[in-house]
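Peer 1: Take a look at this one; I'll ask things after.
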Amino acid sequence: MSGSSGDGNIPSVNRPNQNENCEGLVINTNLASPQAEVINALNPGDLLEITIASDQGPIQAINQAGNLAGNIISREQVKLLNCIISGTLYEAEVLSINDGQCNIQIRSI
């Protein structure tokens, strides 16, 4: 007999599940819609707080002064959003800044 096993163990894309490893999630990406006045004051090694505007997003990177540096767009953004909603805290380290693009690494704290 062929077909799916029908075990119902397929996680929903839009809901966290108990097997999701939120603490192990690491994302390397560029900030979307970077805010030039904030980005220009950043240096490699600086840390940004990762927050959400609502439980629907967007996911935002905020500098130490509380200013928006840019948004997070990634293949893993749904998982990241779900992990933040479920209580995992994240920060982003600035890896590089080139021609207005800010490359970051997001990880749990």
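Peer 1: Can you pull out the strands (runs of 3 or more DSSP E) entirely within the range 28-109 that have at least 2 residues that are of a type outside the set (Val, Ile, Thr) and crowded, with 18+ Cβ neighbours inside 10 Å? Before you say what the answer is, go through the steps one by one.
Peer 2: Details: elements: 47-52, 59-62, 68-71, 90-98, 101-108.
Ranges flagged: 59-62, 68-71, 90-98.
Peer 1: Please enumerate the residues belonging to the range 40-76 that are of a type in the set (A, V, I, L, M, F, W, C) and within 17 Å of the chain's Cα centre (by Cα).
Peer 2: At the first step, the residues of the range 40-76 found to be of a type in the set (A, V, I, L, M, F, W, C) are 41-42, 47-48, 50, 52-53, 59, 61-62, 65, 68-69, 72-73.
Scanning the range 40-76 gives 47, 48, 50, 52, 53, 59, 61, 62, 68, 69, 72, 73.
Each reported figure results from applying straightforward, stated rules to the coordinates on display, with no laboratory input. All values derive from a computational prediction rather than experimental measurement. Cβ sites come from the backbone with ideal geometry, for glycine too, and all protein chains shown count toward neighbours.
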